[in-house]
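Here's the structure, in structure tokens; my notes come after.
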Amino acid sequence: MLGSMRVDVILSPDLSPGEILELGLLAERYGIGAVWTSNYPSSRDPFISLCPLALASSRIRLGPLVITPYELHPLKIAKALGSLNELCHGRANILIGGPTGVNATMGMGLTRMVGRVRECVEILQATSAERVLNYNGRIFQVWGYKPVWATDAPPAIYVGANKPQMLAMAARVADNIMLGDITPHHLGTAVATLDRNFAAAGRRRADVPLSGLVAWHVKADRQTAVAEARQQLALRGMLDSWYLRPFLSEEECQFVEANRGAFFSAYKNNTPEIAGVPDALIDRIIDNLGCTGSADDIDRHIERLRHFRDLGLSQVALKLHNDSAAAIRLIGEQLVPALQ
Amino acid sequence: MEIDIILNEFASPQEALELGLMAERYGARGVWSSNYGWSRDPFFTLSLLAHQSSRIRLGPMAVSPAELHPLKMANLLFSLNELSRGRAMIMVGGGGAVLQAIGGKRERMIRRTRECLEILKGASPDKMMNYNGEIYKVWGYQPKWYTDTPPLIYFGSNHPQSRKLSTELADGLITSDFVVPLMKDFIGKAHAELQAAGRSTHDFRISNFWAWHIKKDAAASMREARRELMLRGWLGEQYFRPFLDADEVQLMRAHEQDFLNAFLRGTDVIENVPDELVTKMVRNISFVGGLDQIDAAIETLKAFAAAGLTEIALRVHDDPADAIRLIGERVIPALR
């Protein structure tokens with residue numbers, strides 16, 4: 001008998017703290033496990049945006065994703081995370097990962113991703129109200145940090161990992177792991193990689209919750225859902241061939257690569273029109289990288305998520321877009337009970 | 001001249017809310033949160049107050065671009081500004097305890113701050129920013145949600161170069177531990193630089209960080225002031241020359257470690273330094289003593305106002321609610 005699967009939601013980056021408060025409380029009432037705020041270059045600060053919800057909520061977990069140790073020194077991350085965790089009395093989450101659009105906006109290089117993330121996670125994990133932290137890493141240093149005020153239950157620190165090196169590092173150090181834009185093929189491979197590295201590190205998969213980010217475009221009207229999925233498609237694995245190969249041929253992957261600009265134009269211009277790319281190809285990407293369709297399709301999506309659970313996922317983080325309240329209601333009424 | 005309160009580094013968001021609302025009721029202009037190595041995130045400290053207050057300004061002090069990229073600083077500051085409906089402020093600094101805690105160095109401070117101020121002042125909801133600085137880059141930044149009245153941006157400026165940069169790019173400057181004669185000279189030069197930059201002196205804010213230790217218990221006040229004395233201008237000669245003679249300055253400098261030991265140990269015992277010298281120092285570079293010292297403090301504040309300060313930032317320490325009550329009941333009315 002497989003256990004239940006926790007359902008989290010990831011909110012859009014353009015929401016105000018007031019909107020996040022309302023949506024977070026709605027999610028809490030439906031038994032959703034956590035609310036994540038998105039960290040985009042021109043978005044509000046994803047920690048500060050959670051302050052009203054942190055205060056007003058009582059059970060739901062909350063935190064930003066993805067924060068990278070390129071954009072913020074781990075000590076600054078630790079202070080912001082600890083402060084958020086105090087406000088919500090020990091219910092904070094964070095996803096630490098590799099480079100994102102924020103780094104690109106800052107014009108930063110992408111070097112030493114695995115080492116940066118590892119050192120960052122080690123610093124966050126070692127932060128304590130009782131012990132002075134002195135950390136002399138190859139990339140980051142922290143001297144004399146002892147937040148005597150950080151006395152709540154520690155926050156949950158997730159490591160964002162997809163490919164072998166990051167998975168191997170995560171298996172050694174992470175308390176929680178989140179995969180992005182998963183397919184059954186990649187999830188199976190990732191779990192096998194994790195298991196090998198867990199064994200080498202003397203750890204057990206059962207002790208490290210595994211989550212997966214899945215785009216959610218399920219709406220009352222299928223046409224609206226598909227339009228939203230097409231507009232957002234550029235962000236699905238950033239259309240990296242690595243994500244597409246399980247369901248596209250090499251030739252099709254090359255075609256997508258050559259037409260990446262059309263996908264990003266659709267995203268930037270907020271339109272479902274992806275110029276020059278056949279609809280059949282777009283439909284296959286949409287069908288494989290996320291949940292898209294009308295409310296009538298909900299059983300199909302439940303089966304898909306159960307399959308992920310059977311492959312090893314203990315949590316799923318559904319990335320919401322327009323009309324988040326309707327999405328949360330649908331998820332809360334149909335998905336959450338079905339995955340208990 | 002208006003009054004700001006600087007909270008101590010241990011204030012939680014809940015304490016900052018209570019103290020900030022008290023300061024607001026007394027008519028203080030603003031509340032600053034301290035950014036220390038061990039402290040909470042200084043933006044977070046003010047998050048509840050931002051949400052629940054209605055008039056008082058609020059912001060972190062000091063945040064250095066060497067510890068926080070200007071893009072992240074912008075998003076934090078504008079988020080706090082949105083929560084407070086346009087009442088946020090910030091003091092950008094060269095880098096202190098937090099920078100030390102991450103093993104950073106104060107390199108190219110003026111250049112860093114120039115770029116930081118240009119990014120903070122240049123951000124707009126209507127126009128995409130592309131900034132190619134020597135140190136910082138920002139590509140495609142457009143916070144469309146940043147529509148409240150912009151926050152006030154100060155630079156912590158105790159030196160000619162930083163003053164000149166402030167008068168060129170910031171909304172105001174904040175000195176620290178400047179006694180009245182130093183302040184007069186500094187403000188005169190700042191006004192001249194503002195005019196040279198084609199800016200009005202009337203629209204530019206000038207403040208001074210000043211330690212408040214006055215308490216009902218004069219002995220407790222003196223203990224607190226002695227304990228904190230190391231932080232007054234970090235015992236830089238220029239801060240003390242206006243009221244110490246050359247021998248006293250030399251003696252003070254020779255015993256820097258003794259002052260530092262007192263601060264680090266949290267004690268008022270400053271070994272190897274005569275009490276008369278310590279007393280002279282604390283009496284001139286902070287407000288110290290019992291309630292009978294309030295009138296003298298008010299006179300000093302009036303002298304600061306006459307020198308041209310638009311506001312002063314009083315740093316409270318132990319028992320901050322008592323300090324704010326005293327300031328609110330005695331000092332703020334006297335300065336109206």
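Quick notes
- Candidate set: region B:303-336, residues that are over 21 Å from B:Ser176 (Cα atoms) and not basic (Lys, Arg); chosen: the one surrounded by the most Cβ atoms within 10 Å (Cβ to Cβ): B:Leu326
- Options A:Ala262, A:Ala275, A:Ala258, A:Ala295; residue that is at pLDDT 95 or above and surrounded by 14 or more Cβ atoms within 10 Å (Cβ to Cβ): A:Ala262
- Within region A:1-28, residues that are free of Cβ contacts under 8 Å to residues at least 40 places away in the same chain reach partners that are of a type in the set (Ser, Thr, Tyr) with beta carbons closer than 6 Å, at six or more positions or on different chains, in the pairs A:Pro13/A:Ser38; A:Pro13/A:Tyr40; A:Pro13/A:Ser43; A:Pro17/A:Ser49; A:Ile20/A:Ser49; A:Gly24/A:Ser57; A:Glu28/A:Ser57.
- Count of region B:5-51 residues, restricted to those that are acidic (Asp, Glu) and touching a Ser or Thr at 6+ places or on another chain (Cβ under 7 Å), is 3.
- Conditions (1) at pLDDT below 95; (2) touching a strand residue (DSSP E or B) at 6+ places or on another chain (Cβ under 9 Å); number of the one not met by A:Pro99: (2)
- The set of residues from region B:105-121 being in a helix (DSSP H, G or I) and exposed (fewer than 15 other Cβ atoms within 10 Å of the Cβ) comprises B:Ile110, B:Lys121.
Yes/no matrix, rows are residues, columns are (1) closer than 22 Å to A:Ile177 by Cβ; (2) polar (S, T, N, Q):
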| residue | (1), (2) |
| --- | --- |
| A:Ser294 | no, yes |
| A:His301 | no, no |
| A:Arg306 | yes, no |
| A:Ala326 | no, no |
| A:Arg329 | no, no |
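- For region B:285-302, the criterion of being outside any helix (DSSP H, G or I), touching a Leu at 6+ places or on another chain (Cβ under 7 Å), modelled with pLDDT of 95 or more and surrounded by 16 or more Cβ atoms within 10 Å (Cβ to Cβ) is met by no residue.
- For region A:235-252, the tally of residues that are crowded, with 17+ Cβ neighbours inside 10 Å and over 16 Å from the mean Cα position of the chain (by Cα) stands at 4.
- Residue count for region B:71-80, restricted to those that are surrounded by 24 or more Cβ atoms within 10 Å (Cβ to Cβ) and more than 7 Å from every other protein chain (Cβ to nearest Cβ): 3
- Qualifying residue in region A:125-138 (condition: touching a residue at least 12 places away in the same chain (Cβ under 8 Å) and crowded, with 21+ Cβ neighbours inside 10 Å): yes
- Odd one out for B:Gly37, checked against (1) farther than 30 Å from B:Glu134 by Cα; (2) at the interface with another protein chain (Cβ under 7 Å from one of its Cβ atoms): (1)
- Which listed residue is within 13 Å of chain A (Cβ to nearest Cβ), out of contact with any helix residue (DSSP H, G or I) (no Cβ under 8 Å at 6 or more places or on another chain) and more than 21 Å from A:Ser16 (Cβ to Cβ), from B:Leu99, B:Leu68, B:Leu152: B:Leu99
- Residue in region B:40-50 that is assigned by TED's automatic domain parsing to the domain that holds B:Pro151, within 24 Å of A:Thr151 (Cβ to Cβ), out of contact with any Pro (no Cβ under 6 Å at 6 or more places or on another chain) and among the hydroxyl-bearing types (Ser, Thr, Tyr) present: no
- Extreme residue, surrounded by the most Cβ atoms within 10 Å (Cβ to Cβ), among residues of region B:125-136 that are within 11 Å of chain A (Cβ to nearest Cβ) and not in a strand (DSSP E or B): B:Tyr136
- Selected residue (only one of B:Gly198, B:Gly188 is exposed (fewer than 14 other Cβ atoms within 10 Å of the Cβ), in a helix (DSSP H, G or I), of a type outside the set (S, T, N, Q) and more than 19 Å from the chain's Cα centre (by Cα)): B:Gly188
- Scanning region B:277-336 for residues that are free of Cβ contacts under 8 Å to residues at least 60 places away in the same chain and within 24 Å of B:Ala11 (Cβ to Cβ) gives a single hit, B:Arg330.
- Hits in region B:9-34 (condition: surrounded by fewer than 22 Cβ atoms within 10 Å (Cβ to Cβ) and within 12 Å of another protein chain (Cβ to nearest Cβ)): B:Glu9, B:Phe10, B:Ser12, B:Gln14, B:Glu15, B:Leu17
- For region B:17-33, a residue qualifies if it is under 15 Å from B:Ala313 (Cβ atoms), part of a helix (DSSP H, G or I) and among the hydrophobic types (A, V, I, L, M, F, W, C), and the qualifying residues are B:Leu19, B:Ala23.
- Pairs linking a residue in region A:44-73 that is touching a residue at least 24 places away in the same chain (Cβ under 8 Å) to a residue that is of a type in the set (Phe, Trp, Tyr) and assigned to a strand (DSSP E or B), with Cβ atoms under 8 Å and 6 or more positions apart or on different chains, are A:Leu62/A:Trp36; A:Gly63/A:Trp36; A:Pro64/A:Trp36; A:Leu65/A:Trp36; A:Leu65/A:Tyr158.
The values are calculated or read from the model by the stated rules, or taken from the named source; none is laboratory data. Just so you know, these numbers come straight off a predicted model, no measurement behind them. Here the Cβ is made from the backbone with ideal geometry for all residues, glycine too, and neighbour counts use every protein chain on show.
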